[in-house]
1. Are any of the pairs LYS48/LYS72; LYS48/LYS114; LYS29/LYS99; LYS29/LYS72; LYS43/LYS99 more than 30 Å apart by Cα-Cα distance, and if so, which?
2. Using 0.36 nm per residue of separation minus the Cα-Cα distance, give me the extension gain between LYS43 and ASN86 in nm, one decimal.
3. Run the quick spin-label model on GLU137 and THR50: label points 7 Å from Cα toward the beta carbon, then report their separation in nm to one decimal.
4. Length gain on complete extension for the stretch GLU34 to ASP69, per 0.36 nm per residue less the alpha carbon to alpha carbon distance?
5. Please give the length that would be gained between GLN95 and VAL76 if that part of the chain were fully extended, namely 0.36 nm times their separation in residues minus their C-alpha to C-alpha distance (nm, one decimal).
6. Grab the beta carbon distance between ALA60 and GLN145, set R0 = 41 Å, and tell me the FRET efficiency rounded to 0.05.
7. Just the ratio, please: alpha-carbon radius of gyration of the stretch 26-75 over 2.2 N^0.38 Å, N its number of residues.
Amino acid sequence: MQMADGGGGGSFADLVSPLSSAGMSEAIKGVTAETQKLVDAAKGGGFKITPEGVKPIRDALTDLVTDLDGLKFSSVSLDQAPQLGNHPYGHTIAQHDQKSATEAESSASAVLDKLRLVAQQADEALARAAGLYKETENQAFSQLQTGQA
């Protein structure tokens, strides 16, 4: 049952924003699962792609990893507790905010790390698939040469 149905199921922010922590966490899990399927298919020879055909995708994944590294560097300020006053309640809230921003499963840092891993796994799968294509192509070429001799 969803929150809109009166049965809970998340916060109002989760309903309003697809980039909310719960929404982002679910999206990352889905992308990770699909990327793992891609890796498994490539390892099992389930798909092949030409090295030329995969190059733009692999270049985009490399750029994504570079951008994520830059964002990770930029998000270092999240490691510090916000200044919310010099009273016990302010300190408590600041510690909670800092913990949420840096340690939670859906924190910015965790999401960036997970996205980076997914991009690297996708690149690995594509590299394997391109290698399998080239290997199959070489075998076919060798068989043709042997058959012609």
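The numbers here are math on the coordinates, done by the rules we state, and not lab data. Please read these numbers as outputs of a predicted model, since none were measured by experiment. Glycine gets a Cβ as well: all are built from the backbone with ideal geometry, and neighbour counts include every protein chain shown.
1. Working: LYS48/LYS72 33 Å; LYS48/LYS114 26 Å; LYS29/LYS99 21 Å; LYS29/LYS72 20 Å; LYS43/LYS99 38 Å.
From the list (LYS48/LYS72; LYS48/LYS114; LYS29/LYS99; LYS29/LYS72; LYS43/LYS99), the Cα-Cα distance tops 30 Å for LYS48/LYS72; LYS43/LYS99.
2. The LYS43-ASN86 span can extend by a further 9.9 nm.
3. Placing both labels 7 Å along Cα→Cβ, they lie 0.7 nm apart.
4. Numbers: separation 35, 0.36 × 35 = 12.60 nm, distance 2.24 nm.
Gain on stretching GLU34 to ASP69: 10.4 nm.
5. Numbers: separation 19, 0.36 × 19 = 6.84 nm, distance 1.57 nm.
Stretched fully, the GLN95-VAL76 segment lengthens by 5.3 nm.
6. Details: r = 36 Å, r/R0 = 0.88.
Computed FRET efficiency for ALA60 and GLN145 comes out at 0.70.
7. On the way: Rg = 13.7 Å, N = 50, 2.2 N^0.38 = 9.7 Å.
It is 1.41.
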